[in-house]
Amino acid sequence: MNLQDFATPLVANNHFIKASFGGFQGAGKSRTATEFVIGAYKDLKCVKPILIIDNEKGSRFLIPLFKKAGIEAIAKDTTNLADVIEALNFLNKKEIDFLFIDSLTKVYYKYIKDYKEKNKKSFMSLPDWGKILPAWQEGFSDRFVNTEGNIVFTGRGGFEYEKEEDTKDDEGKVTEKGQFVKSGFKMKIAGETPYETDLNIWMQLEKDLKDGKPHQINVAYVLKDRSDTINAKVFEMPKYKNFKPIINFILGLPVGEVAQESSDENLTPGNDLDYYDKQLKRKIEIEKIEAIFEINEYGSPRSNEDKKAKAVIIQKIFGTTSKTEIEKMDYAKLNYCRFELEDFFKELNLSNDKKEYIESYGLEKVC
């Protein structure tokens, strides 16, 4: 395989946005996310409906916003991951132009609850998290990343905790255990899910006194922006225009086909290291096959006639002329084909009419 077949010029598959809005209750994440969805929908020239996964019972308050914008919005009240996956399928099938999940946290909570009920667990132990987090990654996060379409989700906020260092005496004995203290905030969804998006916004409700009167505002902190047009910026009472630069950036990207996986071969070794042994055997067989061609003066044919003859031999013995396909064959198949190739050249070298022998060699010999 040459480089041009392996990779393509750097382009985008298409123009779509994935964004997440997290925050504590009352921070304005749903309203801000809705304004972002409407603005992005228009700028990206979408025409098909927006599907809202609504489990916060708030979609009814969004009716006037979508109606004013002239956008068809349909809703599904669910906390089941299976329904979310089906919604991703509708997006992949181009039946909708936008998916808005409000909120993904409730879907994740239901996922945890179902696991505990199914496995008769009253609490989650470390081994349980070792099972459920990779399962969520495969069940949702990987599908989310691979879905080509516009997706926005919200998530409820939670605190991150760190343990203070223990106090020790001169002999190293613990005299006072460190306490767990709040060290930050995060979206209440598994692992890196909130950061799988192109744009990650944290919404905060900030309160103070102004002229002796209570005053509060919604503030948007840009935690992640892949376009780097608004990264790390802070917006008070945010509107779509604050986030519009990332959409403008996306619309300016060249669009085309992007090279996909060339091989589905699993290169991960097993605990018994069988993988390395098999790879070594395959490599040895390929080298032996190449040596057979060299010995029989077909290693690097110069004339067009010899090149054609070699291609015919390879096709008849291996069933393909692709070097990549041959190199991907397992050891057993390569070994069988090598013996077949040795027998072929033995007969060929005894033949009076080599060209006729090559052309008439039976297809039943193909491995």
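Among the listed values (1) 32.2; (2) 17.6; (3) 20.0, the one matching mean projected area of the Cα convex hull in nm² as calculated from this structure is (1). In straight-distance terms, cross-link reach from Lys168 covers every one of the aspartates and glutamates whose alpha-carbon lies under 13 Å from its own, apart from those fewer than eight places away in the same chain; here that gives Glu176. With axes computed from alpha carbons, what is the tilt in degrees of helix 29-43 against the longest principal axis of the chain, rounded to the nearest 10 within 0 to 90? The angle comes out at about 50 degrees. Return the whole-Å distance between the Cα centroid of segment 94-109 and the Cα centroid of segment 224-247. With segment 94-109 and segment 224-247 each reduced to a Cα centre, they are spaced 21 Å. Once backbone amide H atoms are built at 1.01 Å from N, Phe98 has Leu51 as its partners under 5 Å, excluding neighbours fewer than 5 places away on the same chain.
Using Cβ point charges alone (K and R +1, D and E -1), the dipole size of segment 12-251 about the Cα centre works out to roughly 980 debye. Computed on the chain, with alpha-carbon pairs under 8 angstrom and 6+ residues apart, the relative contact order is 19 percent. Round to the nearest 10 and give me the degree value, 0 to 90, for the angle of helix 304-318's Cα axis relative to the longest principal axis of the chain. Here the helix axis deviates by roughly 70 degrees. Amide H contacts for Ala75 (H built 1.01 Å from N in the peptide plane; partners 5 or more residues away or on another chain; cut-off under 5 Å): Ile52. Residues of segment 223-264 with an amide N closer than 11 Å to a point placed 7 Å from the Cα of Lys42 along the Cα-to-Cβ direction: 240-241. When the chain is treated as a GNM with alpha-carbon contacts under 10 Å, the residue of Ile132, Ile326, Ile250 showing the greatest mean-square fluctuation is Ile326. Can you compute the FRET efficiency between Ala75 and Glu325 using 1/(1 + (r/R0)^6), with r the Cβ-Cβ distance and R0 = 45 Å? Round to the nearest 0.05. Computed FRET efficiency for Ala75 and Glu325 comes out at 0.35. Run through the DSSP bridge list for the chain and note the antiparallel percent, rounded to the nearest 5. So the antiparallel bridges amount to about 50 percent of the total. Relative to the longest principal axis of the Cα atoms of the chain, the long axis of helix 81-92 lies at roughly 70 degrees.
Taking amide H positions as modeled 1.01 Å from N, with prolines and chain starts lacking one, the residues under 5 Å from Lys18 and 5 or more places away or on another chain are Ile151, Asp198, Leu199. Please pull out the direction-averaged projected area of segment 274-365, using the convex hull of its alpha-carbon atoms, in nm² to one decimal place. If you wrap the Cα atoms of segment 274-365 in a convex hull and average its projections, you get 5.9 nm².
Rule-based calculations on the coordinates, nothing more; no lab input. Note that the structure is predicted; figures quoted are calculated from it, not measured. Note that we place each Cβ from the backbone using ideal geometry, even for glycine, and neighbour counts take in every protein chain shown.
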